[in-house]
Amino acid sequence: MTKFSDLNLNPKVLKAIEEAGYESPTPIQAGAIPPALEGRDVLGIAQTGTGKTASFTLPMITMLARGRARARMPRSLVLCPTRELAAQVAENFDTYTKHLKLTKALLIGGVSFKEQDTLIDKGVDVLIATPGRLLDHFERGKLILSDVKVMVVDEADRMLDMGFIPDIERIFGLTPFTRQTLFFSATMAPEIERITNTFLSAPARVEVARQATTSENITQGVVLFKASRRDREASEKRKLLRHLIDQEGEKCTNAIIFCNRKTDVDIVAKSLKKYGYDAAPIHGDLDQSQRTKTLEGFREGSLRFLVASDVAARGLDVPSVSHVFNFDVPSHAEDYVHRIGRTGRAGRDGTAMMICVPKDEKNLEDIERLVQNEIPRLENPLKKVKAEPQASSKDADDAAPAAERKTRTRRSSSRSSASSKAETATAEVKVTEDVTPVEVKDTPQIEPQQTDQESQNRSDNRPSSSRGKPAESKSAGGKHGQKSNQKSGRGRGGNDRGNDRNVVGMGDHMPSFIALSFAERRAG
């Protein structure tokens, strides 16, 4: 069996490896380190969790042990797609350079420029950065890349697939043509591999496993889930996730829960907290300090559930993750390999479960086509749970059709309207009976030329609320009402009854102001 001592590494590097507890290299390390030490370009493809980071850090440290960096001119450059992965690579350099006087700088977003500029000004041997922050420093005139001797692109396919292609091309153009280039990734699609050929010169291809394969010590499964109603899909899906966690019991010591969208990450984390689960979110929109604190808590074991976007799917090394739950089916099949690779690391057993709704079945087929295996179907645990009587009656009431509820509302409103009309009719009859025949006899004949004046008099004497309350306006026509009508030269009661006989199709009982308005139009 090959040992690290057989790989021609620097003695001080070997000492650091021994203190870290490693004796034998992994297949990707045994295959990539020798050609890297020879100065050749390397294209390394291996499953996630197989030690790809050490495959380039160990030979880089050995080669950089000789020489010294100059101000603003790093001697090596490592590009990473995410801040977390860049920070993890920096931790690996700290582990393996403890006996060497090599300096490093970490250039990532969310951190002050001033502190990073101070490190660069002193000169660094290893520069670890994300593409955006690296170009920011270069454009500010704080960085010169003409002395880079070794350049590494970690998670190469992701770097080229996340829209970093223009930035990567620009960075490569700023480095010398004689540099050594190392590409490492767990997946390498053919179209992406054609792009890498423009950056690599006669590379040593090290492929220790078929592309996009998953580890055999990871137990996989998928639950095909269909919600009872479309508007309840999200809540029922979160309920299913909780049942899957509870079903695993003590076997689930900790877990990473992956969501496709950042908003879903926050919602799922908040939901788990509400139901008593120790969970916290991590995604690209959070402050870097909060992301670092959350990740450290998960690594130390003080946080049980890490709800994450794909920012945590690449390269994060937390060896003791027991479970991975895919709350959403990843839209890119390659992401599935990286997500479940967070468990079952360093030879441990792991479990990966996924929830698939009908709209994601096509993505599930793409994943199975990529890994060339069918993912076992799991039984929905919600079907085993017996609904309580109260809960079922409540659900039945909530599930009542909206049309039925509207019908009940219309019926109640029609009954109230009918009773209202009956009360109005009764009031009108009572007022009509109270009107004396004397007022009818004394009522003068309406002349056409007097219509406008009489209309003005009537409007002056009519209460302002008569339109909305017809019965009230008539009942108010007692002594005061009769006096007002006599002053205006007209008795309202008699004319109202007379006008009722001239109105066609308005019913037996009708507010007086409607009859008067008809009479006025006809008289005009």
Looking at region 165-200 only, could you name the residues that are assigned to a loop (DSSP other than H, G, I, E, B) and over 23 Å from residue 27 (Cα atoms)?
175, 176, 177, 178, 179, 197, 198, 199
Which is in the same structural domain as residue 328 (by TED's automatic domain parsing) and either closer than 18 Å to residue 330 by Cα or under 15 Å from the mean Cα position of the chain (by Cα) (or both), of 293, 270?
270
Kindly evaluate residue 16 against the criterion of being touching a residue at least 12 places away in the same chain (Cβ under 8 Å), buried (at least 22 other Cβ atoms within 10 Å of the Cβ) and not in a loop (DSSP other than H, G, I, E, B).
no
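Please specify each residue of region 30-52 satisfying the condition of being part of a helix (DSSP H, G or I) and out of contact with any Phe, Trp or Tyr (no Cβ under 8 Å at 6 or more places or on another chain). Please lay out each step first, then the result.
We begin by selecting, within region 30-52, every residue part of a helix (DSSP H, G or I); these are 30-37, 52.
Passing the criteria: 30, 31, 33, 34, 35, 37.
So that you can scan it fast, the table gives a plain yes or no per residue for (1) free of Cβ contacts under 8 Å to residues at least 40 places away in the same chain; (2) out of contact with any helix residue (DSSP H, G or I) (no Cβ under 9 Å at 6 or more places or on another chain):
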position	(1), (2)
202	no, yes
234	yes, no
259	no, no
280	yes, no
Does residue 242 count as outside any strand (DSSP E or B), at pLDDT 95 or above and either loosely packed, with under 15 Cβ neighbours inside 10 Å or touching a Ser or Thr at 6+ places or on another chain (Cβ under 7 Å) (or both)?
no
May I ask you to say which residue of 149, 142, 114 is farther than 26 Å from residue 40 by Cα, among the basic types (Lys, Arg) and touching a residue at least 40 places away in the same chain (Cβ under 8 Å)?
142
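Of everything in region 271-287, what is part of a helix (DSSP H, G or I) and surrounded by 15 or more Cβ atoms within 10 Å (Cβ to Cβ)? Give them in sequence order.
Matches in region 271-287: 271, 272, 273.
Quick check, is residue 98 surrounded by 21 or more Cβ atoms within 10 Å (Cβ to Cβ), outside the structural domain of residue 296 (by TED's automatic domain parsing) and either among the charged types (D, E, K, R) or within 24 Å of residue 284 (Cβ to Cβ) (or both)?
Against the criterion (surrounded by 21 or more Cβ atoms within 10 Å (Cβ to Cβ), outside the structural domain of residue 296 (by TED's automatic domain parsing) and either among the charged types (D, E, K, R) or within 24 Å of residue 284 (Cβ to Cβ) (or both)), residue 98 does not qualify.
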Name the pairs whose Cβ atoms lie under 7 Å apart, with the first residue in region 173-190 and in the same structural domain as residue 85 (by TED's automatic domain parsing), the second hydroxyl-bearing (Ser, Thr, Tyr) and surrounded by 22 or more Cβ atoms within 10 Å (Cβ to Cβ), and 6 or more positions between them or separate chains?
184/55; 186/48
What about residue 26, is it of a type in the set (Val, Ile, Thr), in contact (Cβ under 8 Å) with a residue 24 or more places away in the chain and over 25 Å from residue 207 (Cβ atoms)?
no
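The values are calculated or read from the model by the stated rules, or taken from the named source; none is laboratory data. None of the values given here were measured: they were computed from a predicted structure. Heads up, the Cβs are rebuilt from the backbone with ideal geometry, glycines too, and the neighbour counts pull from every protein chain shown.
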